[in-house]
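What follows is a set of notes on a single structure, which appears directly below.
The values are calculated or read from the model by the stated rules, or taken from the named source; none is laboratory data. From a predicted model like this one, the values you see are computed outputs, not experimental measurements. Don't worry about glycine lacking a Cβ; one is built from the backbone with ideal geometry, like all the others, and counts go over all protein chains shown.
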Amino acid sequence: MEMTAGYDYNIFNTTFPFEDFPDDDEPCNLDPNPMEVTAQAFIHSIICALGLIGNTLVIFTYIFYKRTKTMTDVYLFNVAVADLIFVMALPFITYNEQHNWKMGPVACKILRSSYSINLYSGMLLLACISGDRYIAIVQARRSFGARSRALLYSRLICSAVWVFAMALTLPTLIYTENFEDVSLAGRATMMCQLSFSATETAKLMKVLVPSLQMAIGFLLPLSVMVFCYSSIIFTLLRAQSSQRHKAVRVVLAVVVVFVVCHLPYNVALLTHTVDLFKERNCMPEKIKMQALTISRAIAYLHCCVNPILYAFIGVKFRSHFQQIMVDLWCFSKKYIYSARSSRGTSDICISGLKPSDGSNNMSSFSA
């Protein structure tokens, strides 16, 4: 059974042999056709460009304009950092998959681990956001005094999330190897996949890695979000507060989009994991691999969707983005106009960076 780097095999395909396909007279070739490879590269390029611009703007806004005033702000800042790490790695992943992993074994391990870190940290941070919103809205009276130390708590929690995400990524980091694979057609290609020397280790990891991704990277955060947001909606319906509805709308939209992006991939991954040690026919396996590729691309979309949600739903965040555009225009004028007009332009640009006494002091995601 011929394997290539066209699909994302780092989670579920290894040097451990796959089952035979008894109903087929010829070996099963899962190579993607050139059109699929081109389409995948095009989609990844769009995701990378939008994610890079959007998440950079979010980070830039928090550092220079908005500041992190609440626990949710700290969490969303870290989500943007996690997304930015992955979108910066994505073009290198695409390039290496199409050019036999020329960047070597170190790049192989780091790039293959980038999605895992992004997934675990991003989903767990969104679960933390839902927990913070639950405490702020449902437990508002009880948590009033404790939230004065919110920034310290949130930074400690974020540090713990990052350490936990890195720990969960260790199997991928340790067992991913860069090696030469000779196909049935006699073509030698460099692969970057999970690789094991012992059969028992291969069997364990082929189930453990996707199971951890589904359980801790998806089902656990989803359960926390469902509980927290169900309680929040119930509280808001009783309170009839339009202001609180606006406050939770941004975070709720971010979580819903994240779940929609990752649910298809986790369902496809679950189906593949269940069938790992069964006999499979070639055509259903090809369809399954195509479904995994498509759902993987949908999962990647979350990296560029979150900043769009901030811009179009969060009123205060949208105003900060607009201020960034104004300041960038001002700074460009500074180098175009003469020295006589540069003083006034510089003053306008600097004033945009200063927090006002009004909306800049309030979080756009706070109740």
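Taken together, LYS354, LYS333, LYS316 contain a single residue that is of a type in the set (D, E, K, R), surrounded by fewer than 13 Cβ atoms within 10 Å (Cβ to Cβ) and modelled with pLDDT under 70, which is LYS354.
The single condition among (1) surrounded by fewer than 21 Cβ atoms within 10 Å (Cβ to Cβ); (2) modelled with pLDDT under 85 that ILE11 does not satisfy is (1). When the stretch 59-76 is limited to residues that are of a type in the set (A, V, I, L, M, F, W, C) and surrounded by 20 or more Cβ atoms within 10 Å (Cβ to Cβ), the one that is modelled with the lowest pLDDT turns out to be MET71.
Might you let me know whether the stretch 320-328 holds any residue that is closer than 20 Å to LEU50 by Cβ, of a type in the set (Phe, Trp, Tyr) and either part of a helix (DSSP H, G or I) or modelled with pLDDT under 75 (or both)? Checked against the condition, which is being closer than 20 Å to LEU50 by Cβ, of a type in the set (Phe, Trp, Tyr) and either part of a helix (DSSP H, G or I) or modelled with pLDDT under 75 (or both), the stretch 320-328 yields at least one hit.
Which residue, of ARG112, ARG147, is among the basic types (Lys, Arg), modelled with pLDDT under 85 and surrounded by 14 or more Cβ atoms within 10 Å (Cβ to Cβ)?
On the way: ARG112 fails: modelled with pLDDT under 85.
Unique residue meeting the criteria: ARG147.
You will find that of MET123, MET88, the residue that is modelled with pLDDT of 90 or more and in a helix (DSSP H, G or I) is MET88 and no other.
Here is a yes/no grid of residues against (1) in contact (Cβ under 8 Å) with a residue 24 or more places away in the chain; (2) of a type in the set (A, V, I, L, M); (3) closer than 23 Å to SER130 by Cα:
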| residue | (1), (2), (3) |
| --- | --- |
| LEU76 | yes, yes, yes |
| ASN100 | yes, no, no |
| VAL106 | no, yes, no |
| SER114 | yes, no, no |
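Reported count of residues in the stretch 274-294, each being farther than 24 Å from THR94 by Cα and polar (S, T, N, Q), is 1. Among the residues of this structure, GLN243 counts as one that is at pLDDT below 85, loosely packed, with under 13 Cβ neighbours inside 10 Å and either touching a strand residue (DSSP E or B) at 6+ places or on another chain (Cβ under 8 Å) or over 30 Å from GLY104 (Cα atoms) (or both). Taking the criterion of being surrounded by fewer than 17 Cβ atoms within 10 Å (Cβ to Cβ), assigned to a helix (DSSP H, G or I) and not β-branched (Val, Ile, Thr), the residues of the stretch 187-211 that qualify are GLU200, LYS203, LEU204, LEU208, SER211.
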